[in-house]
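> One structure follows; several queries about it will come next.
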Amino acid sequence: MIEPVIIQGGMGVAVSNWKLAKAVAQTGQLGVVSGTALDNVMSRRLQAGDLDGSVRRALEHFPDPSIVGRILDRYYIPGGKASQIPFKNPPMFSLNPPRELLELTVAANFVEVFLAKEGNDGLVGINYLEKIQLPTLPSFYGALLAGVDYVLMGAGIPRAIPSVLDHLVLHQKVSLKLNVHGAAPEDDFQMTFNPRDILEKTLPPLRRPKFIAIVSSEVLAITLARKSAGHVDGFVIEGPTAGGHNAPPRGPLHVNEKGEPVYGPKDKVDTAAFRKLGLPFWLAGSYADPNKLKEALAEGATGIQVGTVFAYCEESGLMDRIKRRVFAKALRGREEVFTDPVASPTGFPFKVVRLEGTQSESQEYKDRPRLCDLGYLRTAFKRKGGSVGYRCPGEPVESYLQKEGKLEDTIGRKCVCNGLMASIKLAQAQKNGYLEKPLVTSGDDLARIVSFLKGSKLSYSAADVINYLLNTLSFPAPGLA
């Protein structure tokens, strides 16, 4: 398999959707779907009527029709639900999730990868956050069933993941240690998943995808390369200017006059250390420029990962209204990205586009009652009695404190889960009539989207991005030759 020069980043909740990944894969580069919250994404697409029929078409190829039937019975609404009616949320994940949630998660990951690969022989990957552990195992299995080519994972230390993939392609039972706050050294909280509990009869042959770890330091990469259970196939080295979640600065946290984390010399990556590992690596974070691509290749990188400029192209899942507003700001040189050190319940810095009508600029959102009804960014903690509980700094403060959380952890937190769902036109209508506001994230190089806005045309395609990045290279890119 020829390694891609460009990896399209796995962004948001279905911003990197199957349409975007497919468009990139068709150019010969690596198209990546976001694997975050796909159980909710698919269930809401079905409740919205699945008007183009794509979800149901993909489900027709799922190995177990009985699972498909149960999912459609539970979530599909012909013609779509009324806009003021709330979406029916699947159950939240826990150490012992109900079967219906496992089935939905496997099928949802299958659907997203299947649709990205449908009708083309390009490369398709799926991106996960190690921080979101509870859905990981059934999510992997669904992607494997659809023949995913790459699995990418960041926001943590995914040492166990390569071995998990090795076993899942053989339909073997797998376990993954859950990070539990307050757990003692002798505690061993494990998530388990047995594919044969889901597909009891039909077990198709599977192919092991390549595993790419997304890292921010050579120290972590060396640890993963030498000590992971199973083989790591490469790295994406993501700098602090990339969108979404960023790794915290190394050392004590300092903020600038705007309140953003300050990154220093310790946060710069030594590419020589990566060359010594002898594994492919891609550089990420403000690399959406042909000259930056050349610099990366000169450093020994296989290529680059690019996110933000893909997030605003025609095929991405970001709603058109948001794209138009950001285009208007960027064309006037007034776009603003703020690295918020406290917005995300994960505790990781999170880049937020300041845009009217979104969480960051909405008084209505600030007045919104706090809640946690999706729960992907909850933290597992050990209760005083020894069992595992779950809490989110974005939930009601009194509830968080009752779960032994600290008051200071709740200050400034945003409901990232609902905000990201709203940004792809799947906003929840809460029972009190409040419609969730979008939360938009982009990298520091957001202004670069202006390069693609020619004349009066306020749109561009994924292929436009690929052509722009590759047109100065001395060799043809696969699929564009």
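The values are calculated or read from the model by the stated rules, or taken from the named source; none is laboratory data. All figures in this text were calculated on a predicted structure; none of them were measured in a lab. In this analysis, Cβ positions are derived from the backbone assuming ideal geometry, glycine residues included, and neighbour counts consider all displayed protein chains.
> Considering only residues that are of a type in the set (K, R) and under 18 Å from L51 (Cα atoms), which ones fall in the range 419-444? Can you show your working first?
Restricting attention to the range 419-444, the residues satisfying the condition of being of a type in the set (K, R) are 425, 431, 437.
Scanning the range 419-444 gives a single hit, K425.
> Residues of the range 366-399 being of a type outside the set (S, T, N, Q), more than 20 Å from E436 (Cβ to Cβ) and outside any loop (DSSP other than H, G, I, E, B), which ones? Explain how you work it out, then say what you get.
As a first pass, look at the range 366-399 and keep what is of a type outside the set (S, T, N, Q): 366-378, 380-386, 388-398.
Within this subset, residues satisfying the condition of being more than 20 Å from E436 (Cβ to Cβ) are 380-386, 388-391, 398.
Those that are of a type outside the set (S, T, N, Q), more than 20 Å from E436 (Cβ to Cβ) and outside any loop (DSSP other than H, G, I, E, B): A380, F381, K382, V388, G389, Y390, R391, E398.
> If you don't mind, another one. Test each condition in (1) touching a Lys or Arg at 6+ places or on another chain (Cβ under 7 Å); (2) surrounded by fewer than 17 Cβ atoms within 10 Å (Cβ to Cβ) for Q363 and report the one that comes out false.
The single condition Q363 does not satisfy is (1).
> Now a separate question. Got a sec? Which of L279, L283, L331, L318 is over 26 Å from A213 (Cα atoms) and either among the hydrophobic types (A, V, I, L, M, F, W, C) or buried (at least 20 other Cβ atoms within 10 Å of the Cβ) (or both)?
Details: L279 fails: over 26 Å from A213 (Cα atoms); L283 fails: over 26 Å from A213 (Cα atoms); L318 fails: over 26 Å from A213 (Cα atoms).
Criteria check complete, one pass: L331.
> Does the range 445-460 contain at least one residue that is among the β-branched types (V, I, T) and either part of a loop (DSSP other than H, G, I, E, B) or more than 18 Å from F310 (Cα to Cα) (or both)? Explain how you work it out, then say what you get.
Initial filter on the range 445-460 (among the β-branched types (V, I, T)): 449-450.
Of the ones still in play, those that are also either part of a loop (DSSP other than H, G, I, E, B) or more than 18 Å from F310 (Cα to Cα) (or both) are none.
No, the conditions are met nowhere in the range 445-460.
> Is it the case, given these coordinates, that L176 is at pLDDT 90 or above, in a strand (DSSP E or B) and farther than 19 Å from M11 by Cα? Can you show your working first?
Details: at pLDDT 90 or above: yes; in a strand (DSSP E or B): yes; farther than 19 Å from M11 by Cα: yes.
For L176, the condition - at pLDDT 90 or above, in a strand (DSSP E or B) and farther than 19 Å from M11 by Cα - is met.
> OK, next. Quick test for you: out of R354, R383, pick the one residue that is surrounded by fewer than 18 Cβ atoms within 10 Å (Cβ to Cβ) and either over 19 Å from V13 (Cα atoms) or at pLDDT below 90 (or both).
Values: R354 fails: either over 19 Å from V13 (Cα atoms) or at pLDDT below 90 (or both).
Being surrounded by fewer than 18 Cβ atoms within 10 Å (Cβ to Cβ) and either over 19 Å from V13 (Cα atoms) or at pLDDT below 90 (or both) holds for just one of R354, R383, which is R383.
> For the subset of the range 275-306 comprising residues that are among the acidic types (D, E) and assigned to a loop (DSSP other than H, G, I, E, B), which member is farthest from G243 (Cα to Cα)?
Taking the range 275-306 and keeping what is among the acidic types (D, E), we get 289, 295, 299.
Narrowing further to those that are assigned to a loop (DSSP other than H, G, I, E, B): 289, 299.
Working: D289: 16, E299: 23 Å.
If we take residues in the range 275-306 being among the acidic types (D, E) and assigned to a loop (DSSP other than H, G, I, E, B), then E299 is farthest from G243 (Cα to Cα).
> Looking at L469, L426, L439 in this structure, which one is in a helix (DSSP H, G or I), at pLDDT 90 or above and buried (at least 16 other Cβ atoms within 10 Å of the Cβ)? Even if it seems obvious, please write down each step before you answer.
Numbers: L426 fails: in a helix (DSSP H, G or I); L439 fails: in a helix (DSSP H, G or I).
Exactly one of L469, L426, L439 is in a helix (DSSP H, G or I), at pLDDT 90 or above and buried (at least 16 other Cβ atoms within 10 Å of the Cβ), namely L469.
> How many residues are hydrophobic (A, V, I, L, M, F, W, C), assigned to a helix (DSSP H, G or I) and farther than 23 Å from P280 by Cα if we restrict to the range 18-64?
The initial filter retains those residues of the range 18-64 that are hydrophobic (A, V, I, L, M, F, W, C), namely 18, 20-21, 23-25, 30, 32-33, 37-38, 41-42, 46, 48, 51, 55, 58-59, 62.
In the following step, the residues that additionally are assigned to a helix (DSSP H, G or I) were identified as 18, 20-21, 23-25, 38, 41-42, 46, 55, 58-59.
Next, only the ones that are farther than 23 Å from P280 by Cα stay: 18, 20, 23, 38, 41-42, 46, 55, 58-59.
Final tally of qualifying residues: 10.
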